[in-house]
1. All but one of (1) assigned to a helix (DSSP H, G or I); (2) more than 11 Å from chain A (Cβ to nearest Cβ) hold for B:E53, so report the exception by its number.
2. Mind listing just one residue for me: the one in the stretch B:24-50 that is outside any helix (DSSP H, G or I) and charged (D, E, K, R) and, of those, farthest from the other protein chains (Cβ to nearest Cβ)?
3. Checking the structure you have, find out if any residue of the stretch B:50-71 is in contact with a helix residue (DSSP H, G or I) (Cβ under 6 Å, 6 or more places away or on another chain), surrounded by 14 or more Cβ atoms within 10 Å (Cβ to Cβ) and within 20 Å of A:A337 (Cα to Cα).
4. Checking A:L328 against (1) more than 11 Å from chain B (Cβ to nearest Cβ); (2) in a helix (DSSP H, G or I); (3) within 23 Å of A:A402 (Cα to Cα), which single condition isn't satisfied?
5. Test of understanding: among A:A333, A:A274, which residue is crowded, with 21+ Cβ neighbours inside 10 Å, closer than 24 Å to A:I49 by Cα, under 18 Å from the mean Cα position of the chain (by Cα) and outside the structural domain of A:S41 (by TED's automatic domain parsing)?
6. Considering the stretch B:32-79 alone, what residues qualify as being over 22 Å from A:L265 (Cα atoms), aliphatic (A, V, I, L, M) and free of Cβ contacts under 8 Å to residues at least 60 places away in the same chain?
7. Just checking, does the stretch A:373-383 include any residue being out of contact with any helix residue (DSSP H, G or I) (no Cβ under 9 Å at 6 or more places or on another chain), outside any strand (DSSP E or B) and in the same structural domain as A:T253 (by TED's automatic domain parsing)?
8. If I filter the stretch A:216-240 down to residues being surrounded by fewer than 17 Cβ atoms within 10 Å (Cβ to Cβ) and of a type in the set (S, T, Y), which single residue comes out as farthest from B:D58 (Cα to Cα)?
Amino acid sequence: MSDFTMPSLGADMTAGTLLEWYVRPGDAVRRGDIVASVDTSKAEIEIEIFEDGVVGELLVEVGTRVPVGTPLATILPVAGSAAAAGNGAAPATPTATPVAAAPPPASSPPTPRTVAPLAAASPPAAPPLAVPVEGHRTRVSPLARRVAAQMGIDPETVPGTGSGGAVTREDVERAATTGTTPPAAEPLVPAAAPAAPAVQSAAEPAVADRRSAMRKAIGDLMARSKREIPHYHLETAIDMTAALAWLAERNATLAPPERAIPAALLLAAAARAAAKHAQLNGFFADGAPQPAEHVHLGVALALRGGGLVAPAIHDADRLPLGELMAALRDLTARVRAGTMRGSEMADPTITVTSLGDRGADKVFGVIYPPQVALIGFGAIRERPWAAGGMVGARPTAIATLAADHRASDGHDGSLLLAELDRLLQHPEELA
Amino acid sequence: MSTTDELRTQVLEALGAIAPDADLATLSDDASLRDELDLDSMDMQGLVVGLYEATGIDVPERDYGKLDTVADTVAYLAAHRPGGQ
């Protein structure tokens, strides 16, 4: 048996309020399932579980504020075969009794999630606890949601074969190839929208309280950054002529939902550049730099009404532009609707802030601890540009890098910015 | 075929989806959307997608700048709807 604890959703979080349980004792859960929502001082976050198992006891009641690390629920190992859990019959099985599973192989490795044993045989089980509170909220793995967004499928309409009827990536791909699912009107916004009312639940602080709490959380984190991180700053001007022309040509052939905006291109280039410079992608913790193996690209997004969050797009360096745009759109919509996920909040390895087409010329970044770098893009504007002995007007963007001297030097940072520039001169590499 | 009023409703619904907290009731038809609602390029892209899904009208990227106000947007859609004038 193990405990499912209040996760740390960013370095600035010390406690969270449990807003809602999406599971009940006896429910089978798989790694990646969304099991609860939590109110940090910044936002409502949907939190995932990181092991397979069966929910034992719920230890914390809705509306309770508890410190990070507090056990929220007990998780029992998956009993017998995956079949017991996979067919949605879990609530009826004996394993549902919390105390019964006495000598538990607590550390048994999670079963690989790639297998859906009963996929073909079993009809899509009704999710054992289909969250009656919110009408319908099909469990959809984040990956499946991302893939669905890319394919223009509403994941809520896909029959799920995962644990408890959860929709997996395979389900989405199957639905796409067999065409069994009507295209979504708006792939992701509807999925997020029904959750919005939940934000107004009893545990919700008043708007003014939330704003001041958010301001304090940002202030505390940035003060820590300025206090602890020896920043250095670099900037480079990038000619965006080729990138914008390529993007316009690409978009002209596509229907509106498939089009990408320049910000997505900048993110794609930043993620790929970060992947090549590991000393700028990762963390500084326990007194040493800890380069990350993946690029989980934090995207700083302003909240309407003030404040900002920087949730991650996972493995952003490996996403083609279309997928990255879908992920960005999904993230933006969910940030606005207040439904970020725990894993997105917890693990960005480098953050990008893009001021947008109405923004200032450049940003002097402040690193999000424990990350070691932040890439910033100012507004793309026409500026004088010298090339070939001539000065002309070209669309340009000023890219900046704030980086932690404990993890890298200006030479490393310059190479990252140079790679960023190179990629934007060859945007087809980002497709 | 949509009447102008229906188009206006669709425009406001699409705006409501991208700016859920905006008070659209007080939004003047002639106010700049980008300024009044603080819309960025992601929001504009979202608006065009919303309009496309609601009306089937595909606003090409080069025309995004013509969607400056609610009135402009309604007029643009009216002119570009199937069989429009």
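The values are calculated or read from the model by the stated rules, or taken from the named source; none is laboratory data. Small disclaimer: the values here were computed from a predicted structure and weren't measured. Cβ placement follows ideal geometry from the backbone for every residue including glycine, while neighbour counts extend to all protein chains displayed.
1. Tallying (1) assigned to a helix (DSSP H, G or I); (2) more than 11 Å from chain A (Cβ to nearest Cβ), B:E53 fails exactly one: (2).
2. Step by step, filter the stretch B:24-50, then rank; the result is B:D29.
3. yes
4. So A:L328 meets the others, but not (1).
5. From the options A:A333, A:A274, the qualifying one is A:A333.
6. Residues satisfying the conditions are B:L33, B:L37, B:L51, B:A54, B:I57, B:L67, B:A71, B:A75, B:A79.
7. Scanning the stretch A:373-383, I find at least one residue that is out of contact with any helix residue (DSSP H, G or I) (no Cβ under 9 Å at 6 or more places or on another chain), outside any strand (DSSP E or B) and in the same structural domain as A:T253 (by TED's automatic domain parsing), so the answer is yes.
8. A:Y232
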